[in-house]
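As structure tokens, the structure follows; a few thoughts come after it.
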Amino acid sequence: LRMVQDLAPLCDVLKLEFPLGQEEELDDAVAAKHCEAITKASSVPWVLLSRGMGYERFIRAVEIAMKHGAHGIAVGRAVWKEVGEFATWEDQKQFIQSTAKERMERLVTLCV
């Protein structure tokens, strides 16, 4: 929270990791409390960074963060990180055009 307070006046938007560690149980009440504290501490909007989080966990994190003050997302690997598991460009392209696209569309609906 100190970092949020110190950096917010220097930014237009803060891009922040989810306020629970990757290995911590995703407790909705605890996470909501942390997100609300970020929102109170920040004088600018903040968006949730995926930080390579698994897609299903990121979906839950986005739902919580958006309900408790986040203004959007900055996502990458949570959407497409499995693309490297495919041996051919065609399979990678298919993944991007189907699974990754569907994931991104779902995330967008949570942010509007």
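Condition first: open to solvent by 70 Å² or more (accessible area, probe 1.4 Å) and either under 23 Å from ARG2 (Cβ atoms) or of a type in the set (A, V, I, L, M) (or both). Can you find one or more residues in the range 88-98 that meet it?
Yes, that holds for at least one residue.
Go through the range 78-110 residue by residue and tally those that are at pLDDT 95 or above and touching a Gly at 6+ places or on another chain (Cβ under 9 Å).
1
Which residue pairs have Cβ atoms under 9 Å apart, sit 6 or more places apart or on different chains, and have a first residue in the range 93-112 that is free of Cβ contacts under 8 Å to residues at least 40 places away in the same chain and a second that is assigned to a helix (DSSP H, G or I) and charged (D, E, K, R)?
Pairs that qualify, where the first residue is free of Cβ contacts under 8 Å to residues at least 40 places away in the same chain and the partner is assigned to a helix (DSSP H, G or I) and charged (D, E, K, R), are PHE95/GLU82; PHE95/GLU85; THR99/GLU82; ALA100/GLU82.
Residue by residue through the range 78-92, note down the ones that are small (Gly, Ala, Ser) and either more than 18 Å from GLU56 (Cα to Cα) or part of a loop (DSSP other than H, G, I, E, B) (or both).
Hits for the range 78-92 are GLY84, ALA87.
Which one of the conditions (1) under 13 Å from VAL108 (Cα atoms); (2) touching a helix residue (DSSP H, G or I) at 6+ places or on another chain (Cβ under 8 Å) does ILE38 fail to meet, given that it meets all the rest?
So the condition that ILE38 fails would be (1).
The values are calculated or read from the model by the stated rules, or taken from the named source; none is laboratory data. Nothing here was measured: the structure is a model prediction, and the numbers come from that model. Every residue, glycine among them, receives a Cβ derived from its backbone with ideal geometry; neighbour counts consider all protein chains shown. Each accessible area value is taken on the protein alone, full model and side chains, heavy atoms only, with ligands, DNA and RNA left out. Shrake-Rupley method; radii C 1.70, N 1.55, O 1.52, S 1.80 Å.
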